[in-house]
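**Student:** Handing you this structure, nothing more for now.
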Amino acid sequence: MNAQETMMPMTLPEVAEAVGGTLAPHGVAIDDRAAVATSAVSDSRQARGGSVFVAITGERVDGHDFLPDVAEQGAACALVDHEVDAPLPQIVVSDTVAALGLLARHNIERRRAEADPFAIVGITGSVGKTTTKDLLHALLSELGGTVAPVGSFNNEVGLPLTALKVNASTRFFVAEMGANHVGEIARLTTIAPPDVAVVLKVGVAHLGEFGSVERIAQAKSEIVRGLLPGGVSVLNADDPHVAAMEAIAPGDVLWFGREDGSAREGELKADGVRLTGDGCAAFTMGDGRESVDVTLGIRGAHNVMNALAAASVARHFGMGLDRIARVLHAQRTISDHRMAVSRVERGGEAFTLIDDSFNANPDSMRAGLDALAAWHGEGERPYRIGVLGAMLELGGDERRLHHDIGAYAVGLGLDAVVAVGGRDPHLDALANALAQGARESAAQGARESAAQGDARVSIDWVHDADQADSRVRSLVAGRPGCVVLLKGSHASGLSALASRWSRPDAE
């Protein structure tokens with residue numbers, strides 16, 4: 001096992017004490033002095049020697065059913081809410097998810113007790129958390145051992161599992177913190193209290209769950225309130241809801257932004273932002289005293305703000321702007337289904353795929369469409385197709401928001417829009433609203449300019465990913481320069497379509 005995947009070694013009695021549980025040997029001899037627990041997993045397939053297996057009861061699967069398997073795989077013990085007949089030491093608690101958080105908090109406290117420096121960077125925001133985490137992981141790894149979650153492992157299970165990869169060799173822990181409700185980030189900060197808190201944006205993602213943008217702002221502010229005494233806040237100067245969090249910051253505030261106008265002292269800004277032919281952002285990054293030219297290795301103008309946030313943290317820990325620029329340029333890939341560009345060949349046809357299908361909200365949808373519209377490719381102007389799924393958890397205004405996205409796509413001059421619904425009538429209605437917005441915008445454009453006849457946009461409303469696949473196949477036929485954007489909430493199934501297209505035999 002990689003050293004970066006192990007926690008601070010613990011004895012089983014220490015684990016039991018940390019989680020407030022009762023240790024039941026189940027026929028296995030226990031050495032109270034041997035530090036036998038070295039990792040934690042909630043997936044039985046990942047259990048191995050030294051693992052603490054956390055048995056979680058889910059909607060479809062109960063982890064307790066897999067205790068015989070993890071015993072055979074050599075696990076050190078299991079956290080359970082009831083004893084199971086299996087030859088494996090078991091620590092009985094009332095709530096295994098809560099116990100996982102307690103164990104992670106103990107692991108962090110053990111690491112902080114070490115003499116070597118250690119810092120936790122917490123990241124939250126309605127959009128951009130995972131990309132910022134990926135960029136910051138790359139930057140901080142230049143300075144020391146860095147632990148960060150894979151993908152969007154940012155909830156009450158994912159964050160503590162990642163915190164349990166922190167050990168004595170870890171210099172930085174980058175903790176992504178997400179929330180669907182007020183109070184969730186506050187709980188996460190009790191597990192891993194940040195030394196540095198990054199707040200990216202307060203948008204309308206999960207508006208249906210929170211009820212208002214003000215409630216979303218309240219939830220995001222919990223990461224600042226959860227800072228260690230004197231901790232540093234890294235705030236988006238362009239977002240009034242984020243900027244207002246300065247009032248509750250317990251220590252220094254670092255600012256980042258790209259809007260024109262007077263900058264706050266020391267604010268790290270991006271000037272002259274432009275997109276290269278392959279959709280990467282190029283800009284000048286500086287604080288008024290020094291600056292450096294940056295070309296991001298990942299695509300999309302929206303990633304400028306994510307890069308600025310990550311750069312602000314790296315500067316705080318002593319990295320110079322030139323080095324930051326080099327690392328940002330070198331990052332060509334980030335977590336799956338986030339502006340990932342590939343070449344798809346199928347049935348004798350080929351096209352460029354921009355896969356941004358991990359999730360979607362109005363802010364990220366516009367950002368993905370902007371990147372598609374800016375795509376130049378090689379040679380002639382490419383034929384640009386937006387395959388757009390429904391956006392969820394947007395509240396009572398969701399149909400208008402979808403309608404507006406459809407209009408926005410057409411306004412950018414795309415050649416085709418494919419709105420993808422689903423078997424769920426709700427998803428289908430949202431996709432229909434998106435298609436209707438596109439049609440109305442196209443009709444308005446045609447009325448305003450009779451010359452639009454040769455540049456009419458193709459607009460389709462389809463009802464599942466298979467129909468979207470067929471429609472894309474017909475659109476790219478005979479057009480060698482096509483570029484296709486996949487963007488939608490997970491329920492739209494577009495990430496599965498991206499995975500299908502990634503197979504060499506995709507047909």
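The values are calculated or read from the model by the stated rules, or taken from the named source; none is laboratory data. Keep in mind that what you see is a predicted model, and the values were worked out from it rather than measured. Cβ: placed from backbone, ideal geometry, glycine included. Neighbour counts: every protein chain shown. Calculation scope for accessible area: heavy atoms of the full protein, side chains included, ligands and nucleic acids excluded. Shrake-Rupley method; radii C 1.70, N 1.55, O 1.52, S 1.80 Å.
**Student:** Condition first: of a type in the set (Lys, Arg) and either in contact with a Pro (Cβ under 6 Å, 6 or more places away or on another chain) or open to solvent by less than 10 Å² (accessible area, probe 1.4 Å) (or both). Now tell me which residues in the stretch 103-162 satisfy that.
**Tutor:** ARG111, LYS133
**Student:** Is it fair to say VAL61 is under 29 Å from ALA186 (Cβ atoms), in contact with a Gly (Cβ under 9 Å, 6 or more places away or on another chain), of a type outside the set (D, E, K, R) and open to solvent by 10 Å² or more (accessible area, probe 1.4 Å)?
**Tutor:** no
**Student:** Okay, next question. Cβ-Cβ distance below 6 Å, separation of 6 or more or different chains: which pairs start in the stretch 489-502 with a residue that is closer than 17 Å to GLU393 by Cβ and in a helix (DSSP H, G or I) and end on one that is of a type in the set (Val, Ile, Thr) and open to solvent by less than 10 Å² (accessible area, probe 1.4 Å)?
**Tutor:** SER492/VAL420
**Student:** Within the group LEU23, LEU12, which residue is at pLDDT 95 or above, in contact with a Pro (Cβ under 9 Å, 6 or more places away or on another chain) and buried (at least 20 other Cβ atoms within 10 Å of the Cβ)?
**Tutor:** After ruling out the rest, the residue left standing is LEU12.
**Student:** Filter the stretch 31-47 down to the residues that are open to solvent by 50 Å² or more (accessible area, probe 1.4 Å) and farther than 18 Å from ASN107 by Cβ and list them by number.
**Tutor:** ASP31, ASP32, ARG33, ARG45
**Student:** Of the conditions (1) crowded, with 22+ Cβ neighbours inside 10 Å; (2) within 30 Å of HIS376 (Cα to Cα), MET245 fails just one. Which one is it?
**Tutor:** Against the list (1) crowded, with 22+ Cβ neighbours inside 10 Å; (2) within 30 Å of HIS376 (Cα to Cα), MET245 comes up short only on (2).
**Student:** Which one of these does ALA179 not meet: (1) outside any loop (DSSP other than H, G, I, E, B); (2) modelled with pLDDT under 85?
**Tutor:** (1)
**Student:** Quickly run through the stretch 320-366 and pick out the residues that are of a type in the set (D, E, K, R), under 30 Å from GLY411 (Cβ atoms) and part of a helix (DSSP H, G or I).
**Tutor:** Matches in the stretch 320-366: ASP363, ARG366.
**Student:** Something else about it: Quick check on ARG338: is it of a type in the set (Lys, Arg), crowded, with 23+ Cβ neighbours inside 10 Å and in contact with a Phe, Trp or Tyr (Cβ under 6 Å, 6 or more places away or on another chain)?
**Tutor:** yes
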